[in-house]
1. Once amide H atoms are built 1.01 Å from N in the peptide plane, which residues 5 or more positions from F316, or in another chain, come under 5 Å H to H?
2. Go through segment 165-174 residue by residue and turn each phi into a ³J(HN,Hα) via Karplus (6.51, -1.76, 1.60, θ = phi - 60°); whole Hz please, and just put x for glycine and proline.
3. Excluding residues on the same chain fewer than 8 positions from K181, give the aspartates and glutamates whose Cα lies under 17 Å from its Cα.
4. Would you list, by chain and number, the lysines whose Cα falls below 24 Å from the Cα of K300, excluding same-chain residues fewer than 8 positions away?
5. Can you sort M257, M338, M125 from fewest to most other Cβ atoms within 10 Å of each residue's own Cβ?
6. Report the calculated FRET efficiency for F316 and A17 (r = Cβ-Cβ distance, R0 = 60 Å), to the nearest 0.05.
7. Anyone know which of G139, G79, G119 comes out most mobile in the 10 Å Cα GNM of the chain?
8. Only helical DSSP H runs with n ≥ 4 go in: add -39500 (n - 2.57) per run for the chain, normalise by residue count and round the 222 nm mean residue ellipticity to 500 deg cm²/dmol.
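Nothing in this text is a laboratory measurement; each read-out follows from the coordinates by a stated rule. Predicted, not measured: the structure shown is a model, and the values here were computed from it. Cβ atoms come from the backbone with ideal geometry, glycine included; neighbour counts cover every protein chain shown.
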Amino acid sequence: MQHIPMLDAAVQVVDAAAVALCPFTFEYLHGQVAALSEAVGFAPDQLRYCLSLFAAYPLALLFRVLPSGVKHWFSFVVGVLMAQFVLGSQWIHSFITSTITYAVVATVPAKYAPQLVFGLNMVYMSASHLYRIYVDYLGWSLDFTGPQMLLVIKLTSFAYNVSDGTDPKLATAPTNPQLAKVYATRRHLAISTLPSLIEFYGYAYCFTTFLAGPAFEYREYIDAVTKRYLQNTSTWKSCLGSALTKLVVGLTCMAAMATFGASFNLHKILHTTFPSVVHQWGAVYMALLITRCKYYFAWKVAEGSTVLSGFGFEGFSKDGHVKGWNGVSNVDILGFEMGQSIRDLSRAWNQGTQAWLQRYVYERMNNSLLATYFVSAIWHGFYPGYYLFFLSGTPTSVSTSSPRLV
């Protein structure tokens, strides 16, 4: 991309401000990671990212045995340290938007605070995407925009949950079954008392989810921190089993990337002559599958440590058995790979984002599908492909059941 002197100066100012606001670095650790990256053939930023995902597992074991009050500090401090280790001084953007969000929610009337928080965070997110496009167009380097996207989900949902905690109409019982279901969900997620600042930061910087998600509701966070169901032996066994299963799935996806990534490189495939169209599309499919494995790896490994921390508990069945630990699941791999329609694919992929769009955009904007797709596109960024996908997907989502792909 052609550089413009004025924009170059603005980028330098933003970067310098981030460095100035960040009081500590990990220069020694970064040097060790750089040496290790040369030995294993991983880019340093990707290696730091992976190390943080795996480090969350022993930290999760420590987190679950801490007193509730200490857990908030632990979640916040460890989350910030991980952010600094992986992102460098760029993590300060998350602190700025988190602090502004809390200040708005604490001072602005509840009727207006959610809309203001939503607008401010989307504007900041849009500026971040434009910054990324300008400094690293079509690049794959890790920067703060990915975690910032997850944080937008947390901050905006938090603002709406606090507002719902003061909304008298949620105490009513609508005759419309769909509206009654919406109200029930809002009552369950509502925050009746504004959390302390450290509780809020603990949620925003939750160390198992800050880098790769899943982004979940404040109610999920506070329930896992304060409830004592984790002391039950059967609960612990099912939690450990679920966490290890998710870890194994993530490692399997990582192994698939390492084994087949070089053979099924999309750029190379698109510039290779194949004996038939069938061979070509087979290679393209495999290349895209390996690309998706990057997301499957990060999401499943992060889910595993999140579950190990006590999040995602789905309750007990009538006979006293644990229902499961998929309350913070971000992707249904089989559901996506075997999906037969655009709707199936959308519901299986990035489920935390889908829930956010439904609860805080679609249902708050008079069930406007157009507004939902617009917000989703802006949240993802400004590359044209996002808008082409959402525009092409809109017609198939208007009806209650979209046509099958095959």
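1. K323
2. So the J values, rounded to whole Hz, are x, 10, 8, x, 5, 6, 7, 7, 10, x.
3. Within reach: D164, D167, E363.
4. Cα-Cα hits under 24 Å: K71, K154, K237, K246, K323.
5. Numbers: M257 18, M338 11, M125 21.
Least to most surrounded, the residues fall as M338, M257, M125.
6. Values: r = 50 Å, r/R0 = 0.83.
That gives a FRET efficiency of 0.75.
7. G139
8. Working: 18 runs with 272 residues, N = 406.
Using -39500 (n - 2.57) per qualifying helix, the result is -22000 deg cm²/dmol.
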